[in-house]
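First the structure, in the form of structure tokens, and then the observations on it.
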Amino acid sequence: MEKSSTVDVHDTAHMGGSAGDNIMSPASQAVQNTDHNNPRFSAIETGRFVDDRHSPGAKAEKSGPDAMMAMGSDEGLDRGEHPEYRSDGLDKPIGPAKFAIAFFACFFMVFLAIYPQTATAPAFASIREGSRTRISSVWYIGSFVLTYLSFMPTAANSYHTLSKVFTFGFGLVLYVVFGAVSAATNRAITLVCCRFMQAIGSSFISATGFMWTTDLVEAANFSSKHCLRSICYTFLSIAMLLAIGINQVLSAAFVAYTSWRWSLYLPLPFMAIPAAICVFMLRDPKVEREKSLGQKLREFDWVGAFLLLAAVALIVIGLVFGGNEHKWVSAAVLCCIIIGGVLAALFLLWEGVWAKDPIFYVPWLIERDTSLALFSALFIALGIYSINLYTPIFYAVVHVSSVTTGSARTILFWIMSVATALVTGILTTLIHPTRQVVTRWLAPFGCILLCVSAGLMYNWSVTYNPKYERGTLALGGIGAGFALTSIFIIGNEAVAASPRPYHTAKYAVALHFCYTIGGMLGMVLFQAGLKSRIIANTKPVFASLPVAAFRNVDVGSLDIADLENLVKSLSVLSFSGRIFSALHRAFQILFILPVPFFGVAFILTFFFRYIRRPNASNTAISSSA
């Protein structure tokens, strides 16, 4: 009697020869009929994939139009032919203790790289008052996040092509040196420029953290790579959420009790933790160490890096200017957005057709789960970043509370998001660990909770209602933890399970890139919306006030920092209630704006597939016994 059975290459590596003889898939035949001393094919057997594209026996890669044709099919992309695209790999497997120490360093890299993003947000008014500058408050954050975004994919390619050690070391020097200078300076323009340079370092550090995590998972001596991958990306999601939440509270406390400068000094000494671990554990694989510097520089995708840098910079600058400093229909805004869009299209064309070692794999935008995860992360971040930035401002402007009080009231959102992210990782690992059952449904469920939370925030009143507002923020935090963590797990599992040989470590960086660019767009677009509503609501009120000094207030020229300083002087006046009511209506519109974005994320996550264990779909076959 004949019967069918499903066999996995990862399992047959530890089984007897009889099981291995039954493997009939092309990739498995390549393994079976090839010298097992060759590291290319021994890597397939063990589930570890080593970068040997430039070894003498490596098959020439397609380029030009043939590459674009191959993108839509599996031709030339068999795992047995191109195992290197899965991960850079490590020279040898690592045990649990070394894995835990190295991943601890990765966690700190991601946390500390993200921490400075919004460090200056609670200090808008203090910086503006002390520096006597007219630089827009959005640039204190925007200069950092814009640069971080622009260099992140390039940093990932540096890790893969040039050197892991160089990528982290270069980022570490920029992060520490310019972080210290930005904290010490008294000039606003110097602060913005130094944060620009520190952001380059942050992008290289975070890229190292994400990509080294993937290398560690592939090289770890664990029976279930699926569970290990889920745990790792759960904690990296926690690092992303925790960095923003802790940042807000600590920065506000420093503003109130000492100086905002300490919020920029604080992360610098902690960078010694991952630096010390990297000195002993971060190494370039032997195949990379044997390459000359000239060869590495020739392999680097310089054209793609330039196109991406220019495209992101122009698009985001156009969006920052639009509605804040210039009209949306102005020539400056339209030129930035249109030229940036053209460069983005050229970047995708270059990466899909001509790039030999792409920064971004275009099929990620074509395949179902990888594209859904990328766009879901973008739309969720549009709302999450706005809650992080503008809720404390709401408390400072409408409730006239201190910066510390306003930031402290939002901490429940971040506590709940971190807690539910941890729950998501535990459930994913324990409940039916060979399939993405839990994350498949927790992602849309989290998006629904975020929609409900944003809708409830619309009903916040001019007076503080502790129970209602805390409950609303807690609900939003639960949704953020479920949704973001599930999306990161599903996206990385989808790449690992794909029959196409993508570079899994680069996808982790691409997912974080989409999340961050969504946050950047949320900050600038929502500020433009808030400013337009403040002008529309408060201009008639100021014009009708009995005090001439306030009737002449140019609401259109007010920055967020100016607004915070203005309401402090208004709060003691008898007619201030009319102004605060008008400001409250403006923030109501701001709170309702994330709902459609969370709704789009819900629709996208609802269509995630029922993902099986990574590589099972690639290597499972029917065999006869």
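For ILE384, the requirement of being part of a helix (DSSP H, G or I), touching a Phe, Trp or Tyr at 6+ places or on another chain (Cβ under 8 Å) and among the β-branched types (Val, Ile, Thr) is not met. Here segment 155-201 is the region considered, the condition is being among the polar types (S, T, N, Q) and assigned to a helix (DSSP H, G or I), and the residue that is farthest from the chain's Cα centre (by Cα) is THR190.
Consider segment 199-227 and keep the residues that are more than 17 Å from GLY491 (Cβ to Cβ) and small (Gly, Ala, Ser). The one that is surrounded by the fewest Cβ atoms within 10 Å (Cβ to Cβ) is SER223. Assessment of segment 448-457 against the conditions (among the small types (Gly, Ala, Ser), in a helix (DSSP H, G or I), without any contact (Cβ under 8 Å) to a residue 60 or more places away in the chain and buried (at least 24 other Cβ atoms within 10 Å of the Cβ)) yields at least one matching residue.
Against the numbered list (1) touching a Lys or Arg at 6+ places or on another chain (Cβ under 9 Å); (2) at pLDDT below 80; (3) within 22 Å of ALA155 (Cβ to Cβ), LEU264 comes up short only at (2). Considering segment 425-447, and only residues there that are modelled with pLDDT under 85 and assigned to a helix (DSSP H, G or I), the residue that is farthest from LEU484 (Cα to Cα) turns out to be LEU430.
The values are calculated or read from the model by the stated rules, or taken from the named source; none is laboratory data. In this text the structure is predicted, and so the values were computed from the model without any measurement. Virtual Cβ from ideal backbone geometry, glycine too; neighbours counted across all protein chains shown.
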